[in-house]
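No value in this document is a laboratory result; all are computed from the given coordinates. The structure presented is a predicted model; accordingly, all values stated were derived computationally and were not measured. When we count neighbours, we look across all protein chains shown, and the Cβ atoms used for this are built from the backbone with ideal geometry, even at glycine.
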Amino acid sequence: MSKVRIFRIKGEITEPKMRTAFTKEILALKPEDAVEKIYMEMGGRHKVKRHHIRISEIKEIKPEEVENATIRKLSGIGR
């Protein structure tokens, strides 16, 4: 059985009249799954097409480094 890892993804939404930076923490098995999840979330929540999302960094982080409260609870760290 595979272990779920935590990834921090940094990127930017670039639409013709708007440019917005983002940082998201995602639970996934591998980096490719995390990127796919970012595309799905941003597309669904912000109505952004995939070609408008530019990912600049994908980094696996330790559970102690997580800032998102929901992911902290899911990983069993708590605050």
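Dipole check for the chain: with +1 at the C-beta of Lys and Arg, -1 at the C-beta of Asp and Glu, and the Cα centre as origin, the magnitude is about 180 Debye. Relative intensity of segment 5-75 on a log10 scale, I(q)/I(0) at q = 0.24 Å⁻¹, equals -1.07, per a Debye sum over C-alpha point scatterers of equal strength in the absence of solvent.
Out of 47, 17, 30, any idea which swings most in a Gaussian network model of the chain, alpha carbons joined below 10 Å? Maximum fluctuation in the GNM of the chain, among the listed residues, is at 17. Partners of residue 17 within straight-line reach, counting lysines whose Cα lies under 30 Å from its Cα and excluding those fewer than 8 residues away in the same chain: 37, 47, 49, 59.
Positive-end ranking of 66, 18, 28 along the dipole of segment 6-79, with charges on Cβ about the Cα centre, is headed by 18. List the GluC sites (Glu not before Pro) within the chain that fall in a DSSP loop (any state other than H, G, I, E or B) and whose Cβ has at most 16 other Cβ atoms within 10 Å. Counting only loop positions with at most 16 other Cβ atoms within 10 Å, the GluC sites (Glu not before Pro) in the chain are 67.
Taken over the C-alpha atoms, segment 1-46 has Rg and Dmax values of 12.1, 45 angstrom.
For the chain, the longest principal axis of the alpha carbon atoms and the long axis of helix 31-46 meet at an angle near 50°.
In this structure, the amide hydrogen of residue 5, modeled 1.01 Å from its nitrogen in the peptide plane, lies closer than 5 angstrom to those of 28, 29, counting only residues at least 5 positions away or on a different chain.
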